[in-house]
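Beneath this line is the structure, given in structure tokens, with notes to follow.
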Amino acid sequence: MRTHFYLRMSCAILLGALSSGCNKSDDKPENIASEGVSLRIRADLPVDQQQASVAASAYLNGQLRPLVGGDIFYARNTSQQRELRYTADVPGLYQNSLDDNNSGTEVIIDIRFEPDVARNQRWYPSDLLKVESQAGRLVGYSARGVFPPSVRINEPLPDTTYRSRTDEAIVSWNTTNDNYQAEVISIAACHSGVHSSSFTKKFTTTDNGSFTLQLEQALPQSVEVKEDVKPGGIFFPLYRSLGVPFLDIVTFGLFSLKSSVTRSYPIEYCNLELKLFRIQIGQLGSGVNGGSVTMSRSDSVNVRYEP
């Protein structure tokens, strides 16, 4: 059960990272080429876990391009091959897991034409639109990357409680002799009585073993609940507390609750997950004009803010 939880959350964060910047038709993520094929790949292997999460998306001429027909994403390493499955939460993104527990393992992601496999996981009803008999424009493109060494958080200790928004959370971890990149993602689930809301923030830093997080950057000012107005003036909260803010992580703000009223409530407490990634950049395959390949090892710690 613990492994399943880590994989679910790791996949969610990876999908959020891939989907960031796609909320407007004229926006596209960094490094996506205006012409030709671009791929965005992210794979993460959490500390002490036996499976790596892999997420991928493809772009054609600068636009997110869901796979059609018999086209399918595959990810493989030396011991296993898995198809990346369509993710209903964010159209155009695909994910799955690979058995793996070693740094230095190479993961290869490519797009193939396999109509029999694709027929069972189309993003449109396969009984209404049959799988095409010819390969699409994205078939044959690939990317690869290698996981960096494992990372483990030393501080803060689990369940550390902070009392003020002006407090600093010092995140420290084991270092290596190589110059890797690092990311710290804070995921705050804040509560006020029966109300709750979430706040997600990403920080980019160097892999030097320490990062100072100002809590006021990681926490909202208040618990904000978006509510819809129905005829007669009755308010119905649209936000649903998920324990961990799954939708916010998946979309990094792309998921927008359609509402006409936002009510603010003072924060009683926040559960704050701090997730650390050690990052190594991979390689795009021949003919791929843009995008990125991000390989990471990760660890996380849960702390608490209670003013």
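The values are calculated or read from the model by the stated rules, or taken from the named source; none is laboratory data. Fair warning: this is a prediction, and the values are worked out from it, not measured in the lab. FYI the Cβ positions are ideal-geometry reconstructions off the backbone, even for glycines, and counts take in every protein chain you see. Note: areas computed on protein heavy atoms with side chains; ligands, DNA, RNA excluded. Shrake-Rupley method; radii C 1.70, N 1.55, O 1.52, S 1.80 Å.
Ile32's amide H: which non-local residues (gap 5+, or another chain) put their own amide H closer than 5 Å, with H modeled 1.01 Å from N in plane and none for Pro or chain starts?
Gly291
Along the range 178-186, what does the Karplus equation 6.51 cos²θ - 1.76 cosθ + 1.60 (θ = phi - 60°) give for ³J(HN,Hα), rounded to whole Hz, x for Gly and Pro?
Rounded to whole hertz, the list is 9, 9, 9, 8, 9, 10, 10, 10, 9.
So for the pair Thr160, Val194, with labels modelled 7 Å out along Cα→Cβ, what separation do we get in nm?
Result: 3.6 nm between the two label points.
Give me the one-decimal nm value for the distance between modelled label points at Gln81 and Asp167, 7 Å along each residue's Cα-to-Cβ direction.
For Gln81 paired with Asp167, the spin-label model returns 5.1 nm.
Can you compute the FRET efficiency between Thr175 and Thr204 using 1/(1 + (r/R0)^6), with r the Cβ-Cβ distance and R0 = 22 Å? Round to the nearest 0.05. Walk me through the numbers before you get to the answer.
Values: r = 17 Å, r/R0 = 0.78.
My answer for the efficiency is 0.80.
Amide H to amide H under 5 Å from Ser192: which residues, 5+ apart in sequence or cross-chain, H placed 1.01 Å off N in plane?
Sorted by chain and number, the residues that satisfy this are Glu268.
Let me cross-check Thr105: its accessible surface, 1.4 Å probe, with only protein heavy atoms counted, in Å² to the nearest 10?
Approximately 20 Å² of Thr105 is accessible to the 1.4 Å probe.
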